[in-house]
Amino acid sequence: MTSIINNSNSNSALINTLNASQSKMNPNIYSTKKIYPAAATCYQETQKSSGSIAASQTITFNLMKYGIAQQILLCYTKEGAGGTVKSFDFLDVIDRVELLSSSKVIDTLTNRDILAQLSDLDASQYYPLSQSLVGARAAGAKHIFCLPLVFGFFKDINTNLNLQFNEPMSIRVRFGPHPSNNAGVASALTNCYLKMRYKAYNESDYSEILTQNYSEPELSVMTSGFYDENVAVATIPNGSNSNGVNGTKVELKNTDCVNNFFVVVRQQNTTDHSLPLPIDRVVMTASGQTIFDLSKEELYFTRLCENGFSASGATDEVNNVAKIQVGLWEYSGGGTQSNTMSLRELNNPIITVYFSLSANVAQDTLFDVVVCEEVVKIVGTVSSSGRTNVALTN
């Protein structure tokens, strides 16, 4: 019964060409997949070593040298009025989180960068965050919020931080101006800690890591980080719902190599966080040329995948963050460095942002327009001391 198919295939020029290719592989020839060495995995809680939990204040966590850090969760407990905490509460609580090697900042995540990260997630990856961080809490007096701190080092398994070898590292959290605000009602932020997942190999496997990674004077690894351009302020006049046909211009001062541009528009508010607003159009010009000009509908397709289709994730306000990527989107969010764009030699690069509101404003209203850039960089670790520093950004 199957012979007639095989006989037909044998007379196909295309099939014979494919079978003669070096890429041909028979999946029924047994071979084992990659096997990672067995390692001990544990979760450890880290309390702050200094600082205070208050508006515009900072706290510092010294990271324990248990092994290789696979995950860092920033957790805090908040008590809302009547047990209620609004959605996107982290925009009030967190201003920025910094990763330090000794006293040097080697990576930073602002609350806008975190918002950009959330907008780039697959729906299944976004779900845990919608439950533990983004969504509103309506029941109970106290709520625990969990924010994964996904610095560039955690986007690939072979760049996870080897805290056992590196010089002492720490996390510094700066709180927002209204960390306890909740719809105008004071609510208490009572605790903040890190829950870290460590991986520790046995002695022989760890010795192999040291031999392979630190046989040269310095280990250089490629990773990514964020750079936020200066905030541009748009004014919507009283009785209007649009900032005009000219849009809001954001001058790009960064000179790094950019993988992705994220555009966020939020209303200025001194008492409560504001959610990202829908964007109608994004235009980038440089050196007298238009690099891209994308409408709201076209922006849905900027997360281009390898199969030619585009990805989407959240269906809430996170989806209002506009993304323009230079390379390809991957489900895992890491792995291949598919492309980047150097801003150094571009003359007067500008991103112009157009947005409008669903209703007219009752008074002149200010809006922050921010471009967050995910950039690629090289980080070096000195083999003799474990000292880590940013070595190259362009």
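In the stretch 288-328, which GluC sites (Glu not before Pro) fall in coil by DSSP and have 12 or fewer other Cβ atoms within 10 Å?
Filter output for the stretch 288-328: E306.
Rg and Dmax of the stretch 39-216 over Cα atoms: what are they, in angstrom?
Using the Cα atoms of the stretch 39-216, the pair Rg, Dmax is 17.4, 59 Å.
With N set to the number of residues, divide the alpha-carbon radius of gyration of the stretch 225-377 by 2.2 N^0.38 Å and report two decimals.
Taking N as the residue count of the stretch 225-377, the ratio is 1.07.
Compute the relative contact order of the chain as a whole-number percentage, counting only Cα pairs closer than 8 Å that sit 6 or more residues apart in sequence. Intermediate values should be presented prior to the final figure.
Numbers: 875 pairs, mean separation 88.9, N = 394.
23 percent.
From largest to smallest, what semi-axes in whole angstrom does the chain give when each is the square root of 5 times an eigenvalue of its alpha carbon gyration tensor?
Gyration-tensor ellipsoid for the chain: 38, 32, 22 Å.
Positive end of the charge dipole of the chain (Lys, Arg +1 and Asp, Glu -1 on Cβ, about the Cα centre): tell me which of S21, S383, F367 has its Cα farthest that way.
Of the options given, the answer is S383.
Tally Lys and Arg at +1 and Asp and Glu at -1 over the other residues with C-beta under 11 Å from the C-beta of S338: what net charge comes out?
-2
If packing is taken as the average count of other Cβ atoms within 10 Å, what order do 219-227, 127-135, 41-49 fall into, highest mean first?
In decreasing order of mean packing, 219-227, 127-135, 41-49 become 219-227, 127-135, 41-49.
Computed from the coordinates by the stated procedures, all read-outs in this text should not be read as laboratory data. It should be emphasised that the depicted structure is a prediction, and the values quoted were computed from it without experimental measurement. Here Cβ is always computed from backbone atoms with ideal geometry, including for glycine, and neighbour counts include all displayed protein chains.
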